[in-house]
Structure formats: structure tokens, C-alpha cells
1. Quick check on this structure: which one of 380, 389 is surrounded by fewer than 24 Cβ atoms within 10 Å (Cβ to Cβ), closer than 21 Å to residue 48 by Cβ, out of contact with any strand residue (DSSP E or B) (no Cβ under 9 Å at 6 or more places or on another chain) and modelled with pLDDT under 85?
2. Among the residues of region 274-294, which ones are over 21 Å from residue 22 (Cα atoms) and surrounded by fewer than 20 Cβ atoms within 10 Å (Cβ to Cβ)?
3. Out of curiosity, is residue 301 more than 21 Å from the chain's Cα centre (by Cα) and in a helix (DSSP H, G or I)?
4. With respect to residue 173, is the statement that it is assigned to a helix (DSSP H, G or I), surrounded by 23 or more Cβ atoms within 10 Å (Cβ to Cβ) and in contact with a helix residue (DSSP H, G or I) (Cβ under 9 Å, 6 or more places away or on another chain) true?
5. How many residues does region 83-116 contain that are crowded, with 17+ Cβ neighbours inside 10 Å and over 19 Å from the mean Cα position of the chain (by Cα)?
6. Can you tell me which condition residue 119 does not meet? The list is (1) closer than 25 Å to residue 315 by Cα; (2) crowded, with 19+ Cβ neighbours inside 10 Å; (3) at pLDDT below 75, and all the others hold.
7. So which of 52, 74 is assigned to a helix (DSSP H, G or I) and surrounded by fewer than 18 Cβ atoms within 10 Å (Cβ to Cβ)?
8. Among the residues of region 239-261, count how many are exposed (fewer than 14 other Cβ atoms within 10 Å of the Cβ) and either assigned to a loop (DSSP other than H, G, I, E, B) or in contact (Cβ under 8 Å) with a residue 24 or more places away in the chain (or both).
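The values are calculated or read from the model by the stated rules, or taken from the named source; none is laboratory data. Quick caveat: nothing in here was measured; it's all calculated off a predicted structure. Heads up, the Cβs are rebuilt from the backbone with ideal geometry, glycines too, and the neighbour counts pull from every protein chain shown.
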């Protein structure tokens, strides 16, 4: 067996084991609530520890991931036409995906009127952020203060600028590039290791949250929250469907001049792999093979566009995180202005760009989006019981977006 195939198989098995462990954690949490009722709230502290660990990783993960991703491109001044079009494509499709997500969650409003007994979602009931405040919020006066306060946009913009300038230094900058790459690998491994505690953390959050709901609002509140989460899942699936079945095939047809039905048949193997592994990185070798051998995409375009996409193009994640933030805002009774919602889309795009290509890493960046929108982190507890499922769906859309990009952008060669 080829070493790369063996490594891919190991990642796939580990991903499936993690999925099974998370599902078991959710099932045990529900059983614990049904057996012990309100007393299950006492395990909530376990979930709080998990959330705290997620927050601890945010800033170094995003900064090192963004810097490493930029420097991997080499001198950005030499990217050429293909590089420029690839970056523009990825940015545009993620913004479109986030906007679709916001439109869907505003239209269906799955979080409005939900009974939030047991959840501390108290915050300002309305926002009136001006466009000037939004623009000024993109740049912080002190990068260390922005890092300490989890002000996400300034941190990401600083990281992008730093990586771009570093990429232009040539040999002089290589020692620092190697340090950043090593640091990025450390953070990726820390995320993977932390994700193995996710089943226990999610058990604590789900059991604790439902236990509080029963203790404070009775079983009606418990059922009400389950119904609201079901409506949210439906909204996410519909939004992902619009982007994957309508928007991306239109791009492939209009820009790439390809038949979408034939193309999706050719790319079936990586799409199914993404669904089963929930990892863009683990799927990448299969995506490249299918793109070049079955779909007939130019080898140069595939080997440039697809690896870059596995790192920074996350259409499904941007859509999901924008919807999740709005759902939590609705559940908390927060009326967000258009400017506030724009911040959510932009931050969701940047956060998805910096997300590690490993299972459940979106939980880390989801914390960033909520922080940027000044929304309560406790709202994540509403989403954790079903995040393991939606993670696989959004990863599949991520890989589909990468594939469409390669099929469309080869014309830029």
C-alpha cells in the first residue's frame, strides 16, 4: 500500500471513531437527563472546561493558520493570473455562501420564540451599530489588545498582512516561515487532540443544559428546544442545498463551461469521502485524483487550486457559522442591524478561512464569530447535539466548492 493511502485510511478511521464517540456522548447525555432530570445540570462544569479550552486555542490557531497559508503560496507578487483568480473566487464564493445562510435564517427564523430555560442568553435586546463603527472595528489600535479581547477581524487582517509581507522577503524570511509552519503544525495537533475530548465536553454541555432546562422550565422547555434545533437543522440543510445545487453549478457552467451533472458524477468519490471523514485535508488526495483522472482538469490547475482550497476555501463552514450566529441571536432575543449582520458574514468568512481542515474544528472558529458579534457563547449548547451531523454536510459542500473552483479556474491558465 502507498504510504499516502495508508495515512489517508488512518485519518478516515480516526474520524469515524471520533464521530461515533460524539454520537455516544450525545445519546448518553439525553439518557442522563431522562433518568436524573434536573440533577443532570451538575455535569455542566465538564462542558464549561471544554468551551474554555476552545477559546484558549482561537487566537494562535487563526494567526498561525492564516500566516502559514499565505506563505505557502510563495511570493504573493508572483502568483500570476491563476493565483489572483483563485483567491478572488474563494473569497467571493464564501461571501455568497454566508449571505445565503443569513437570508435563509432570517426568512425561516428558527430561533425566534424559543424557550431558553436553563440557558444564560441575556444580552442587549437590540443593536444599532453604524457602518462607521463596523469599518473602524476592522482595524485595532493595539494588536495585543485585540488578541486579548478576541477581536477577530483585526487579528485576521494583521495575520494576512504579516503573511503577505513575509512572503515577499525570500530567503531572508525563511527562518521565520519555518517557525510559523512548525507552530501551525503544533496548533493543528492540539486541535486534533482537543477534539478527542469533545465527546466528554459535549456530554457535559448537552446533559447540563437540558438538565437546567428541566429544572427551570420543565419538560416542555426541553421539548421546545429540541423542536427549535430541528427547525434550525432544516434551515441549514436548505441553505447548503441552495449553494451546492444552484449557485456552484451555475458558476461551473457559466465560467468553466462544464456540464454540472457530469462533473458531480466524476467527483462523486471525494464528495462521499468528505461526507464520511468530515475532513477536507483527508479528502484532498482523492479530490486531486478524481479532478485530474476523471474530470479531466488540467494537472497544474488542480494541484494549485485544490490544496489551497482545502486550506482556505470553506463555503459550507462560512454559511453554517453565519447561520449559527443568527440562530443564537434570535434565541437570545437580539435584534441585529444590517451592519451587525454584515460583520457576521465577514467574520464567518475569515474564520472559515482560518479553520483547520480537521473534524469539528469549526467549533473553534464558531466561538470567534460569536465573540465578534458579541453574542453569548452559551448559545453553542443549542447546536452541539447536532453539530456532528451538520459538520459532515458542510465539509462536503467545502470540497464541492473546491472542485468547482478547479473546474472553473483552469481557464485562467
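1. On the way: 389 fails: closer than 21 Å to residue 48 by Cβ.
Exactly one of 380, 389 is surrounded by fewer than 24 Cβ atoms within 10 Å (Cβ to Cβ), closer than 21 Å to residue 48 by Cβ, out of contact with any strand residue (DSSP E or B) (no Cβ under 9 Å at 6 or more places or on another chain) and modelled with pLDDT under 85, namely 380.
2. 285, 289, 292, 293, 294
3. On the way: more than 21 Å from the chain's Cα centre (by Cα): yes; in a helix (DSSP H, G or I): yes.
It is true that residue 301 is more than 21 Å from the chain's Cα centre (by Cα) and in a helix (DSSP H, G or I).
4. Numbers: assigned to a helix (DSSP H, G or I): yes; surrounded by 23 or more Cβ atoms within 10 Å (Cβ to Cβ): no; in contact with a helix residue (DSSP H, G or I) (Cβ under 9 Å, 6 or more places away or on another chain): yes.
Against the criterion (assigned to a helix (DSSP H, G or I), surrounded by 23 or more Cβ atoms within 10 Å (Cβ to Cβ) and in contact with a helix residue (DSSP H, G or I) (Cβ under 9 Å, 6 or more places away or on another chain)), residue 173 does not qualify.
5. Of the residues in that region, 9 qualify.
6. With respect to (1) closer than 25 Å to residue 315 by Cα; (2) crowded, with 19+ Cβ neighbours inside 10 Å; (3) at pLDDT below 75, residue 119 is out only on (1).
7. On the way: 74 fails: assigned to a helix (DSSP H, G or I).
Criteria check complete, one pass: 52.
8. Selection size over region 239-261: 2.
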